[in-house]
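> For reference, the structure I am asking about is given below.
The values are calculated or read from the model by the stated rules, or taken from the named source; none is laboratory data. A quick note: this is a predicted structure, and the numbers were derived from the prediction, not measured. Methodologically, a virtual Cβ is constructed for each residue, glycine included, from the backbone with ideal geometry; neighbour enumeration extends over all protein chains shown. Ligands, DNA and RNA are excluded from the accessible area calculation, which covers all protein heavy atoms including side chains. Shrake-Rupley method; radii C 1.70, N 1.55, O 1.52, S 1.80 Å.
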Amino acid sequence: MRTIPVAERRARLGVRHALTAPASGVAAATSAVVALHATDPATVYLSAGARIADPGLERIERELYDGSLVRLHGMRRTVFVVPAELAPVVHFSTSAAIAVRERRQLVKHMTEGGLDWSAEALADVEASVLRLVAERGEISVNELTAAEPRLREQMRFAIGKPYETSQAIGSRLIALLGMEGRIVRRGRTAGTWISQQHNWSAALPLLELDVRAAQAELVRHWLAAFGPGTEADVKWWTGWNLGDTRRALAAVGAVEVDSGFVLPDDLEPVAAPAPWAAFLPALDPTPMGWQQRDFYLAPEHRPALFDRSGNIGPTVWWEGRIVGGWATRADGEIVWELLDDVGSDAVAMIEAEAAGLAAWLGGAKVTPRFRTPLERKLSHVDR
């Protein structure tokens, strides 16, 4: 059995995730990590910026919306930005099954919450939404609800309990149509680059794929970027059950090594790159790529860098491992703190990375959607 030591795993991470040498553009940077987490819109810009030469907000926005990338619900019901050619793979391997469960839950919640529409009424509202999207080309949620008032009708939750609340059906139904691949968040944000309000557009027809073939293809992409990885890593990252995970690994001929699985043509050693440093944002796909993280993250650093739900905050990297965290202050200043002693040469490279990040952000204040202890501390510290 091939042994892949920790040092080589870190080298693979840096080289394959476009952290040691920049990718040619945002689409290539996305492909390097399979998909960019997009639950927090700032992550997309910061993850792309960390992996391309000469990053800038205008350049990243232009390339995000040039048609080469698609924003969709995918693995673990999370929103991702993926290369357009990978969208059918993600949809048929993960999104389609999620959409079936989500539709079933929506109908249940509507009935329990006092919004007892018939199947025909629900279908009529859906048809109205699709028609509006097609007519407008790009349309915001607010514009949809203004044009189709039924989307504002309310469902109640936790009826009779102190925390009883209501929710408009529109937010759930529009998201469901996106999960089903009938509309897509292709349009720009309705506000600034950190806004979560994306316009919706009509979805382009997806090349239909067999579920198992799509799952195998997704695993092939994941192993090429993240291998070696264990069954537990693949199962966690995809959100599949163990049976689907094992079938997909077998379908691509995954080879077992001491630290998990790799593709059959990926057994050659990977040489260590030149020393490198990186500032990665909250929810970046590199630290979120594995469930088992000890090869790049010391266990004692986890409490400072993760929130209680398992979301990672902004991190500082040195040669393939997390050595600290960072934040922005109200005036846009980049502040960072090391959790390990990495030596003066490393500190100099980290300082240069911080200066480069500050330059292209241009004083923008970035607050992660999910706050972590070290990020909270740093964002309020005078330095």
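> Evaluate the distance, in nm, between pseudo-label points positioned 7 Å from the Cα of V257 and of M1 along their respective Cα→Cβ axes.
Distance between label points: 1.3 nm.
> Let me ask something else. Ignoring ligands, DNA and RNA, what accessible area per residue does the chain give at 1.4 Å, in Å²?
44
> May I pose another question? Considering the chain as a Gaussian network with a 10 Å cut-off on Cα pairs, which listed residue, A248, A18, A274, attains the greatest mean-square fluctuation?
Of A248, A18, A274, the Gaussian network model singles out A274 as fluctuating most.
> Any chance you could get the radius of gyration and Dmax over the Cα atoms of the stretch 64-187, in Å?
Considering the stretch 64-187 through its Cα atoms, Rg and Dmax are 15.4, 49 Å.
> Turning to a different aspect of this structure: What are the principal axis extents of the Cα atoms in the stretch 189-297, in Å, biggest first?
Principal axes ranked by extent give 48, 42, 22 Å for the Cα atoms.
> Run the numbers for R376 and Y163: contour at 0.36 nm per residue of separation, minus the present Cα-Cα distance, in nm.
Fully extending the segment from R376 to Y163 adds 73.9 nm.
> Something else: Between the stretch 276-295 and the stretch 307-335, how far is it from one alpha carbon centroid to the other, in angstrom?
First find each Cα centre; the distance between them is then 10 Å.
> Right, here's the next one. Which of [x] 139; [y] 167; [z] 154 is the computed volume of the Cα convex hull per residue in Å³ for the structure on display?
Label of the calculated value: [z].
> Could you size up the charge dipole of the stretch 46-105 around its Cα centre, putting +1 on the beta carbon of Lys and Arg and -1 on that of Asp and Glu, and report it in debye to the nearest 20?
With only Lys, Arg, Asp and Glu charged at Cβ, the dipole is about 520 debye.
> Evaluate the distance, in nm, between pseudo-label points positioned 7 Å from the Cα of A298 and of R76 along their respective Cα→Cβ axes.
Roughly 2.5 nm, to one decimal.
> About the Cα centre, and with charges only on the beta carbon of Lys, Arg (+1) and Asp, Glu (-1), how big is the dipole of the stretch 93-153? Nearest 20 debye, please.
220
> Now for a different question. Given a cut-off of 19 Å, what percent of all Cα-Cα pairs of the stretch 40-105 lie beyond it?
More than 19 Å apart: 40 percent of the Cα pairs in the stretch 40-105.
> Determine the gain in length on full extension of the stretch L338-R104; use 0.36 nm per residue of separation and subtract their C-alpha separation, reporting nm with one decimal.
79.5 nm
> What number comes out for the charge environment of S31, summing +1 per Lys or Arg and -1 per Asp or Glu over other residues with Cβ under 14 Å away?
Every neighbour counted, the sum reads 0.
> Further, regarding this structure: Would you please put 336-345, 217-226 in order of how densely packed they are, using the mean number of other Cβ atoms within 10 angstrom per residue and starting with the highest?
Per-residue Cβ counts within 10 Å, averaged per peptide and sorted highest first, yield 217-226, 336-345.
> On to the next question. Per residue, how big is the convex hull around the C-alpha atoms of the stretch 1-147? Give it to me in cubic angstrom, could you?
With only Cα atoms used, the stretch 1-147 gives 175 Å³ per residue.
> Could I ask something else about it? Which whole-Hz ³J(HN,Hα) couplings does the stretch 22-31 yield from phi under the Karplus relation 6.51 cos²θ - 1.76 cosθ + 1.60, θ = phi - 60°, glycine and proline marked x?
x, 6, 6, x, 5, 5, 5, 5, 5, 4
> Students sometimes get this wrong: rank H380, H91, H109 by accessible area, probe 1.4 Å, all chains present, largest first.
H380, H109, H91
> Given springs between every Cα pair under 10 Å in a Gaussian network model of the chain, which of L86, L267, L297 has the largest fluctuation?
Among L86, L267, L297, the largest GNM mean-square fluctuation belongs to L267.
> Dividing the convex hull volume of the Cα atoms of the stretch 299-340 by its residue count, what figure in Å³ per residue is obtained?
Hull volume normalised by residue count: 82 Å³.
> With a 1.4 Å probe and every protein chain kept in, tell me what percent of the accessible surface of the stretch 1-97 is carbon plus sulfur.
53
> Using a 10 angstrom cutoff on alpha carbons, build the Gaussian network for the chain and name the most mobile of G113, G324, G74.
Residue with maximal mean-square fluctuation among G113, G324, G74: G113.
> Related question: May I ask you to evaluate 6.51 cos²θ - 1.76 cosθ + 1.60, the Karplus curve with θ = phi - 60°, for each residue of the stretch 196-204 and list the ³J(HN,Hα) values in order in whole Hz, giving x for glycine and proline?
Values per residue, Gly and Pro as x: 9, 9, 8, 6, 9, 10, 5, 6, 6 Hz.
> Positive end of the dipole of the chain, charges at C-beta (+1 Lys, Arg; -1 Asp, Glu), about the Cα centre: which of V184, L13, A254 has its Cα farthest in that direction?
V184
> For A272 and E58 in the same chain, what is the full-extension length gain: residue separation times 0.36 nm, less their Cα-Cα distance, in nm?
Net length gain for the segment: 73.7 nm.
> Could you order Y163, Y65 so the one with the most accessible surface comes first? Probe is 1.4 Å.
Y163, Y65
> Please calculate the 1.4 Å probe accessible area of W240, with all protein chains present, and give it to the nearest 10 Å².
20
> Kindly sort E126, E85, E112 by accessible area of their heavy atoms, largest first, with the probe set to 1.4 Å.
E85, E112, E126
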